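For reference, the structure discussed in these notes is given below.
The values are calculated or read from the model by the stated rules, or taken from the named source; none is laboratory data. Predicted model only: the values in this text are computed from it and were never measured. Glycine also receives a Cβ, built like all others from the backbone with ideal geometry; neighbour counts cover every protein chain displayed. These accessible areas exclude ligands, DNA and RNA; they are computed on the full protein's heavy atoms, side chains included. Shrake-Rupley method; radii C 1.70, N 1.55, O 1.52, S 1.80 Å.
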Amino acid sequence: MRQFLIAGNWKMNGSLAANEALVSGIVNGVPDGAGFRLLVCPPFPYLASVASQVTGSAVALGAQNVSEHDSGAFTGETAPFMLVDVGCDYAIVGHSERRAIYGETSEQVAAKFLAAQAAGITPILCVGETLEEREAGTTEQVIDEQLDAVLGAAGVDVFAAAVIAYEPVWAIGTGMTATPEQAQEVHRHIRARLAAQDANLAEKVQILYGGSMKGENAPGLLCMPDIDGGLIGGASLKASDFLAIAEAAAQS
Ligand code: PGA
C-alpha cells in the first residue's frame, strides 16, 4: 500500500517572517491519519531555518534543486551533501521551470537524481509535456524520454528510493488542472514503463501529480489508483490551502 506524499514547492517565494508563519500553520494543522506524509520545499536560503521549525514534526524538508557535483568550483550551486547537512530528506530534480528557463537536459537531470540519491536524499523526478506536445499526441514519448534518461543511466532499481512527479507543463500555475482521468492515464503509463522492468518495484513507487492542484480538485485526483500525492506550487503558500490538500489525502 503506497502512502500519499503532499509536497509544497514554494518556488522563489517567501521571507523569514512569512515562512515562519506558514510553517507553524502547517505543523500545527497536520490532519490526523497515517496514510500520508507532508513535505515543504523552501528556497535555499531558508532551508536551515525551516529545518529547525519542522524537526520532530510530521513535516519533512526538501530542496527545489541540487547540483550533480559533489563539491568544487561551481559558483551558485548546492551540493547534495549540503542538503543532508541542513536536514533535507528530498530534492526536486528536473522541474519544468528548470528545464525550460535554465536549459537543464534530461541527462543533467538524471545526473542530479543520482547525485542526490548517492548522498541519501530522495529525488523527486519531475516529468511532463507541454501543451504543443500534448496536442501533437506525443505526451507518452516526452515522458518516456525524461524517464529513460534515468532508467538508461542507472536501471530501474534506483526508483526504489525515489519519487516521480507528473506535471503537465500546461497545468502549472495556469489554473488548468489535468482531469483525474487525464492524469491517471499518464500515471498508469509511467508505472507500466517501470513495471516492464520490475513489476514489484513499480507497484511501490510514489507518483505525484502536479499542476494547479488545490483543495477543491485534490479529492478527485487522489482517488485515482495511480496518483499517490501532489507536488503543489501556488496552493502550498498558504497553510489553509496546503492543509486542505493534506486533508483530502488523509480522507482518501
Ligand atoms: P502549481 O505548481 O501548483 O502552482 O501549478 C506546481 C509545480 O510547479 O510544482
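Couple of notes before you dig in:
- Output for the range 186-219, where each listed residue is within 16 Å of the ligand (Cβ to nearest atom), in a helix (DSSP H, G or I) and in contact with an Asp or Glu (Cβ under 7 Å, 6 or more places away or on another chain): HIS187
- Residue in the range 35-49 that is touching a residue at least 40 places away in the same chain (Cβ under 8 Å), in contact with a strand residue (DSSP E or B) (Cβ under 8 Å, 6 or more places away or on another chain) and surrounded by fewer than 17 Cβ atoms within 10 Å (Cβ to Cβ) present: yes
- Count - residues of the range 146-174 that are open to solvent by less than 50 Å² (accessible area, probe 1.4 Å) and part of a loop (DSSP other than H, G, I, E, B): 5
- Search result, residues across the range 186-218 that are free of Cβ contacts under 8 Å to residues at least 24 places away in the same chain and closer than 18 Å to GLU145 by Cβ: ALA192, ALA196
- Residues that are among the polar types (S, T, N, Q), in a loop (DSSP other than H, G, I, E, B) and either open to solvent by 60 Å² or more (accessible area, probe 1.4 Å) or within 16 Å of the ligand (Cβ to nearest atom) (or both), drawn from the range 120-141: THR130
- LEU237, sole failed condition from (1) closer than 18 Å to ILE172 by Cβ; (2) open to solvent by less than 60 Å² (accessible area, probe 1.4 Å): (2)
- Among the residues making up the range 3-16, a single one is in a loop (DSSP other than H, G, I, E, B) and either at pLDDT below 95 or open to solvent by less than 10 Å² (accessible area, probe 1.4 Å) (or both): TRP10.
- In the range 220-237, the residues that are near the ligand (Cβ under 8 Å from one of its atoms), in a helix (DSSP H, G or I) and in contact with a strand residue (DSSP E or B) (Cβ under 9 Å, 6 or more places away or on another chain): ALA235, SER236
- Cross-chain or 6+ apart pairs with Cβ under 6 Å, the range 91-110 first and within 17 Å of ALA79 (Cβ to Cβ) and open to solvent by less than 10 Å² (accessible area, probe 1.4 Å), then in a loop (DSSP other than H, G, I, E, B) and not polar (S, T, N, Q): ALA91/VAL66; ALA91/ILE121; VAL109/GLY94
For every residue, the table says whether it meets (1) within 27 Å of PRO80 (Cα to Cα); (2) of a type in the set (Ser, Thr, Tyr).
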{"residue": "ALA119", "(1), (2)": "yes, no"}
{"residue": "ILE124", "(1), (2)": "yes, no"}
{"residue": "THR130", "(1), (2)": "no, yes"}
{"residue": "GLN141", "(1), (2)": "no, no"}
{"residue": "LEU151", "(1), (2)": "yes, no"}
{"residue": "VAL205", "(1), (2)": "yes, no"}
{"residue": "MET213", "(1), (2)": "no, no"}
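- Search result, residues across the range 65-90 that are of a type in the set (A, V, I, L, M) and open to solvent by 40 Å² or more (accessible area, probe 1.4 Å): ALA73, MET82, VAL84, VAL86
- Residue check: SER252 meets all listed conditions (1) modelled with pLDDT of 95 or more; (2) surrounded by fewer than 23 Cβ atoms within 10 Å (Cβ to Cβ) but one, namely (1).
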